[in-house]
Amino acid sequence: FSSAPAPIPATLFPGDGIGPEIAEAVKQVFQAAEVPIEWEEHYVGDQIDPRTQSFLTWESLESVRRNKVGLKGPMATPIGKGHRSLNLTLRKELNLYANVRPCYSLPGYKTRYDNVNLITIRENTEGEYSGLEHQVVRGVVESLKIITRQASLRVAEYAFHYAKIHGRERVSAIHKANIMQKTDGLFLKCCREVAEKYPEITYEEVVIDNCCMMLVKNPALFDVLVMPNLYGDIISDLCAGLIGGLGLTPSCNIGEGGIALAEAVHGSAPDIAGKNLANPTALLLSAVTMLRHLELYDKAERIQNAILTTIAEGKYRTADLGGSSSTTDFTKAICGHL
Ligand code: ATP
Ligand code: MG
């Protein structure tokens, strides 16, 4: 008889390329930290599942819907006709409406800035990414940018809720409403409506071009940023660059019904796959965002500290951070700090 709480099931997609190597690192670190998570591993199939029109099976999607939490390695969509891209399938089927990227300076890893601590929250379902493009006549094309009240309120609501539960002080809505008066205008109107419900959080509106200048001059000016799809795509990569690049930046996708699917920002890195060279930090920190979503704050802190301490010490670092450690040695060093 054991009084230990039942483990929490979570879906794990190791993914392609370096995915399996960095997913293995996460499993080992979770084990060393005694995280009460039971992974349900799912793999991308080699045939199209007619129920999803994709190489992702219906069972995989059901696993995320059932568990409501998951971690996803990079997935390379196979080239060919008649199927949907893997990321698009996940986004549509699970209604992943917000992409959240925490971005903070890693102590001991020197970049141009050492005071970055911000969160970008990107609307993930509409805007310029609605896929509605056509030719009007020869030499003239149109692309439709769709902004809806429903999706804007939903992402704004998530941003303020996030700010509140994480003790953040300010939410900045990023826009170009001076030019895109109707679309970005509606987005801002929705943000303002939600802001009224959170009087304890400062709300501001910043034009995207000005935001870029402020971010590169002094990233400490920002706290939580919320924005439509295209701006979010660009600004979140800009922010990743502020702290040292793709090997370090985590993200988490929030879906309808409280789903959280965490994933590293980087791709499958085919150039270094299978060579025990990949930096698992981005996926590990993504896993940490998943733990925070599950309110396992103690475990999240411990793992994050172990990762940051290992990087700060500088004895074990992977090649992308200028070191010569393998994925497995770096992972062992993190486990040693737990
Ligand atoms: P994909 O098509 O899956 O996006 P890609 O060829 O664009 O793959 P990325 O994964 O986007 O490659 O990576 C771009 C560069 O960054 C590559 O040189 C890759 O080796 C490097 N890189 C990406 N992720 C990591 C990581 N976790 N550790 C070390 N290097 C990485
Ligand atoms: Mg890429």
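So the values come out like this:
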quantity: Rounded Å value of the spacing that divides the Cα centres of the range 174-253 and the range 46-81; calculated: 30
quantity: Low-density loop positions, GluC sites (Glu not before Pro), the range 184-238 - DSSP coil, at most 14 other Cβ in 10 Å; calculated: E200
quantity: Charge context of R154, other residues only, Cβ under 10 angstrom, K/R +1, D/E -1; calculated: -2
quantity: The range 1-113: antiparallel DSSP beta bridges as a percent of all, rounded to 5; calculated: 10
quantity: Ordering of 39-50, 165-176 by burial proxy (mean other Cβ atoms within 10 Å per residue, highest first); calculated: 165-176, 39-50
quantity: Trypsin sites (Lys or Arg not before Pro) within the range 306-338, DSSP loop, no more than 12 other Cβ atoms inside 10 Å; calculated: K315
quantity: Expected-Rg normalisation [2.2 N^0.38 Å, Cα atoms] applied to the range 179-338; calculated: 1.22
quantity: Amide N proximity, the range 171-207 versus K217 label position 7 Å along Cα-to-Cβ, cut-off under 15 Å; calculated: 206-207
quantity: Prolate/oblate/rounded call for the range 261-335, Cα gyration tensor, a/c under 1.5 rounded; calculated: oblate
quantity: Qualifying lysines (Cα of each under 21 Å from Cα of K189; at least 8 residues distant if same chain); calculated: K145, K164, K176, K197
quantity: Partner lysines for K275 [C-alpha distance under 27 Å; skip if fewer than 8 residues away on the same chain]; calculated: K27, K72, K110, K315, K332
quantity: Theoretical gain in end-to-end length, I146 to E193 [0.36 nm per residue, Cα-Cα removed]; calculated: 15.0 nm
quantity: Under 15 Å, Cβ to Cβ, from D223 - net charge with Lys/Arg +1 and Asp/Glu -1; calculated: 0
quantity: Sum of -39500 (n - 2.57) over DSSP H runs of 4+, divided by residues of the chain (222 nm, nearest 500); calculated: -12000 deg cm²/dmol
quantity: Shape of the range 1-139, Cα gyration tensor, a/c cut at 1.5; calculated: oblate
quantity: Around P5: net Lys/Arg minus Asp/Glu count, Cβ-Cβ under 14 Å; calculated: -3
quantity: FRET efficiency estimate (nearest 0.05) - Cβ-Cβ, R170 to L88, R0 35 angstrom; calculated: 0.60
quantity: Cα-projected label distance for I234 with Q31, points at 7 Å along beta-carbon direction, nm; calculated: 4.5
quantity: Cα gyration tensor, the range 65-154 - rounded (a/c under 1.5), prolate or oblate; calculated: prolate
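Every read-out reported here was derived from the displayed coordinates using simple, explicitly stated rules and does not represent laboratory data. Please read all numbers here as calculations on a predicted model, not as lab measurements. No Cβ is skipped: glycine too gets one built from the backbone with ideal geometry, and neighbour counts run over all protein chains shown.
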